[in-house]
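These notes are about the structure you will find just below.
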Amino acid sequence: MALTSSFSSIHSLSLVKLNRHSTIRRPNALPLVTCNSLLDDSTLLQAAKYTVDSYVENGMVIGLGSGRASGLAIQYLGRQLRSGLIKDIVGIPTSVGSASEAAKIDLAFNDADVIEEETLAAVIGRQTMEGGESLIQEKTVLKSAGKLVLIVTGKQYQGAVDGSIPVLIRSINWLETAEEIDDLFLGDAEVWRRPSVGYAGPLGGDFPLVTKEGHNVLNVIFTSPIISLAEVADSLDQVDGVVEHGVISRIPCTAVIATEDGLQIVDNILKIDGSRV
């Protein structure tokens, strides 16, 4: 089946067969990584093209990620399909409903908000999470892939990661869960419930964000460098009421890093058994 003219019209589809006549466009509601300069756009385009040219092969099932770089990669992949240079691709968008659990995903590419240099552990979901977006679906697709490629700018590839980590929690008794997380990272992070509109405060204001699955979103905002994203993820996984979070860790992946001096390609496959990954 050929892809329709926009991903926004295929929310009911689980798998999208792409061929040379398909038109690929980025979903309207994708979260954008904040990269304001034209330089970032140019280098991200190089990273997007490298990702498609280096890792996409005929007949693959591909997880199509969200974010600016992923959008550029999707557009470039569409041009390659229409030219016939790549054929018979099945795409699974991470930002719309998909039965990804039932599919063998050969490759997935996605933006990351930040990547930890030593381990390639990453944070996703900082920017937006509303409409058809789902952190649960996104992580399911990324973790199911045989190969994962994360595309970032040089300033997002950091030795000392700080800032926020999104955490999905059950809405019932959400405050108890938030307080437990606050105690867990006492002195290192602040815990705020994400609003859908208006004031972004500890309680989420008058209109706290509720995801399509019915969960609240906490921003766990680290005010000092995080020693290990993987350890933070392990701690969050143990908290009753936590459904999912924005940390990707302990899975083999490749980082394609767009810098002023060109592309830097980093692989963590050889490090995956290490204590810090």
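Only the coordinates and a few stated rules stand behind these numbers; no lab work does. None of the values given here were measured: they were computed from a predicted structure. Glycine also receives a Cβ, built like all others from the backbone with ideal geometry; neighbour counts cover every protein chain displayed.
One table, with the values for the structure above:
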read-out: Relative packing of peptides 77-85, 140-148 - highest average C-beta neighbours within 10 Å first; value: 140-148, 77-85
read-out: Segment residue 223-residue 117, length gained on full extension (0.36 nm per residue, minus Cα span); value: 36.3 nm
read-out: Region 161-246: mean projected area of Cα convex hull, nm²; value: 5.2
read-out: 12 Å beta-carbon shell around residue 247, net charge (K/R +1, D/E -1); value: -2
read-out: Placed amide H near residue 209: partners under 5 Å, 5+ positions off or other chain; value: 194, 196, 217
read-out: Local electrostatic count, residue 158, Cβ distance below 11 Å [Lys/Arg +1, Asp/Glu -1]; value: -4
read-out: Sparse-neighbour loop sites [GluC sites (Glu not before Pro); region 218-273; at most 11 other C-beta within 10 Å; DSSP]; value: 260
read-out: About the Cα centre, charge dipole magnitude for region 161-246 (Lys/Arg +1, Asp/Glu -1 at Cβ), debye; value: 440
read-out: Over 20 Å (Cα to Cα) - which of 104/139; 49/87; 104/147; 104/212; 49/147; 104/143 fall in this group; value: 104/212
